[in-house]
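In what follows, a structure is listed as structure tokens, so that the remarks can point back to it.
The values are calculated or read from the model by the stated rules, or taken from the named source; none is laboratory data. Since we're looking at a predicted model, the values are computed, not measured. Cβ placement follows ideal geometry from the backbone for every residue including glycine, while neighbour counts extend to all protein chains displayed.
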Amino acid sequence: MTQTQNVEEKKIWFVLRCTYSRGMKVKDYLDSNQIENFIPMHYVVSERQGKIIRKLVPVISNLIFVHCTKGKLEELKKTSTLQSLIRYIMDKEKHKPLIVPDKQMYDFIAVAGRTEEQILYLSPEEVKLREGDKVRINSGIWKGVEGVFLKVREGMRVVVSIEGFVAVATIALHPSMVDKI
């Protein structure tokens, strides 16, 4: 097998757009086929007919991260029920599908996957990553997560970013809980 074929068969994290708010349908299909994926979720509280309803919903509608080989993803896009439901989100500078390095994605999942914690989702405009120090959390539920230590709204937080796309901030952390990298 050539080196090019090895790259094609390596699992990577793709960022995909789901059409017509069918992200959960896509997630269900991928889960049933044992394909690793992630949709950032959070609770929304609303009132319906006088009752308070707390519902877990995607943070960013129509977004899913999928961990598989490019070949497998192309096969899914062509031959499955996902054919018209998913599209690549493109890296505008490279003119290629947007991909996320494994470590960055797992750090993002470690923070964004905890729906009960008081985390904040931030747009790229809200986070100026060059201004903060790169840090690694040294204790607690996010031990080992790397990000940028920034003052965001109500306190010092570690921000994990999918650069130029989305960022998530932990709950407020004491400076003793992080080590500068």
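Brief remarks follow.
- Residue within segment 74-97 that is closer than 26 Å to A169 by Cβ and aromatic (F, W, Y) present: no
Residue-by-condition table, conditions (1) modelled with pLDDT of 80 or more; (2) in contact with a Leu (Cβ under 7 Å, 6 or more places away or on another chain); (3) outside any strand (DSSP E or B):
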site	(1), (2), (3)
M105	yes, no, yes
A110	yes, no, yes
E117	no, no, yes
Y121	no, no, no
E125	no, no, yes
S139	yes, no, yes
G147	yes, no, no
L150	no, no, no
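- Hey, G71 in contact with an Asp or Glu (Cβ under 8 Å, 6 or more places away or on another chain) and small (G, A, S) or not: yes
- Sole exception among (1) surrounded by fewer than 16 Cβ atoms within 10 Å (Cβ to Cβ); (2) part of a helix (DSSP H, G or I); (3) modelled with pLDDT of 90 or more for Q34, by number: (2)
- Yes/no for S46 being free of Cβ contacts under 8 Å to residues at least 60 places away in the same chain, of a type in the set (S, T, Y) and out of contact with any Pro (no Cβ under 9 Å at 6 or more places or on another chain): yes
- Hits in segment 40-92 - residues which are in a strand (DSSP E or B) and either in the same structural domain as E163 (by TED's automatic domain parsing) or of a type in the set (K, R) (or both): R48, K51, R54, K55, R87
- If you check S46, S84 for being surrounded by fewer than 16 Cβ atoms within 10 Å (Cβ to Cβ), at pLDDT below 90 and under 22 Å from F14 (Cβ atoms), only one passes: S84.
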